[in-house]
Structures are given as structure tokens and as C-alpha cells.
Amino acid sequence: MGTNIEDKLAVKATCISNEFLDKFMAEANGDYVKVYLYMLRHCGEKFNIKEAADALMLTDNDIERAVRYWEKMGVFSDGAGQCVESEIRTEAAFARSEELLSERASEDVSEEAQTERVQSEEEFAGVLFVAKHVLPGLPSQKQVETLEYMYRQLGMNAELIEFLLEYCAGLEKTSSRYMETVAINWHEQGIRTVKQAQQLIREFERRKSQPRKSVTKPNRFMNLEKSEVDYDSIAQKKVLERMNGIK
């Protein structure tokens, strides 16, 4: 049976030349000495500038200057400085390339956002143009704010808002409160297109023309007499709710 013998005196160490200590160390910059010792410690290994800079808390250029210094002093072989410089330039070029790509991506996003804002403003300007021709007189500040609320907050598209304007104008009910009530009601019922709004109105008109039936829970939008105006009652109810909320 064999026995494994371990030499406990064996140590991992980095040997420093006496010539370096006697001739070079005293005159060398402290950072240069750090770089020399680091490279001596990792002699025979693949050298990486970033790792060396991080380990010594120096910059890439500090490493390059140190290598060139020791090359000039004859401690490192000729060409070592060029290799380090080449690696730095390659990494710098790669970093700059990544930076440019990031800048271009940001510019693309910015241009796209700017285009969307312009389109949004143009669409809303179209809504105001229709409002000027549909509403009696020029739109009031309150009416403009209501239209903007529909567009910005409720997310109604321009075509649907324009249809709503025409619908309210046809009923001769164009107060900001009434139009807002209609818009909110449509939004709550999932009306997102003109076609859906037209279908809702047709159903509303159809039910108005039918004899009223007793139901346990009448729909405030559909089950109305011909003489009743549904959105008026809804608007009044909302005003009372807001007043009670203030109290």
C-alpha cells in the first residue's frame, strides 16, 4: 500500500529579480512598480488590460504607460507596449461602437415619439376643426377641455369623437357636461369605434320605440320613454354624486 507524501514547505510565491530591486525600483513610479509586480505574478498567463486595471485600481491608460515604461527600460520585451496599445484601441473602438448604437437607438425612439406627438396634435386639431363647424358658435374653453379629456384620458380616437359631436349636435345637446356624460357612458360600455356607437344608438332607438316593460333592474341607457333624455338624467346623477363627494 503506497503512501502519499506532501511537502508542507512548498509555497506559491512570486520571485522578484535582485536586479530589478537594485537598478529599477527606486526610480520607477509607484504605479509602474504595481504593474510590474502584477504582470510578474501572472507571468505565462493571458494578459487582460481590464482585469489588470480593476485589480490595481488604475485606468487602462495607466497600464499602457507602465508597460511602455518597462519596455523602454528593457525590462519588458520590445513590442509589449504596442500589443497593450492595440488591445486598448480595440476595446475603445468596441465601446465607442456600442455607444454609437445606443445613441442611434435613442435617437430613433426620440424621433418616433416626436412623430407620434405630432400626429396626435394633428388629430386633435382635426377634432377641433369639426367642433367649430358642428357646434353652435365657436367651442367654449370648457367644451375644448371636454374634447381633450375624451381624446387624452378616455383614449377615444378622433373619428369617434367627431361622430359623438355630430350625434350630440343632432340632439341639440352640446353642453360640455352632456357631451362628457355621453363619452363616459360609451367608454364604460366598451364603445371604441364609430360602428359600435352606431349599433348602440340603433339599439337605443329600437328599444325606445317598443312598449315599456316592467323589469327588476331597468337599464338606465336603454329603457326610456320617448320623452325622456337618458344622458340628461345620467349627467344630473353624476353632478349630485360629485356634490355629495365634496361634502
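Just so it is clear, none of the values below were taken in a lab; they were calculated from the coordinates. Keep in mind that what you see is a predicted model, and the values were worked out from it rather than measured. Reconstructed Cβ throughout: ideal geometry from the backbone, glycine too, with neighbour counts over all protein chains shown.
Which number comes out as Rg/Rh for the stretch 153-210 once both Rg and the Kirkwood Rh are worked out on C-alpha atoms? Let's see the in-between values first.
Details: Rg = 11.2 Å, Rh = 11.7 Å.
Rg/Rh: 0.95.
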Alpha-carbon Debye profile of the stretch 133-185, log10 I(q)/I(0) at 0.16, 0.24, 0.29 Å⁻¹: -0.38, -0.90, -1.35
Projected label distance in nm at LYS12 and ARG152, using a 7 Å step from Cα toward the beta-carbon: 6.5
Förster radius 25 Å - calculated FRET efficiency between LEU171 and GLN210, Cβ distance, rounded to 0.05: 0.80
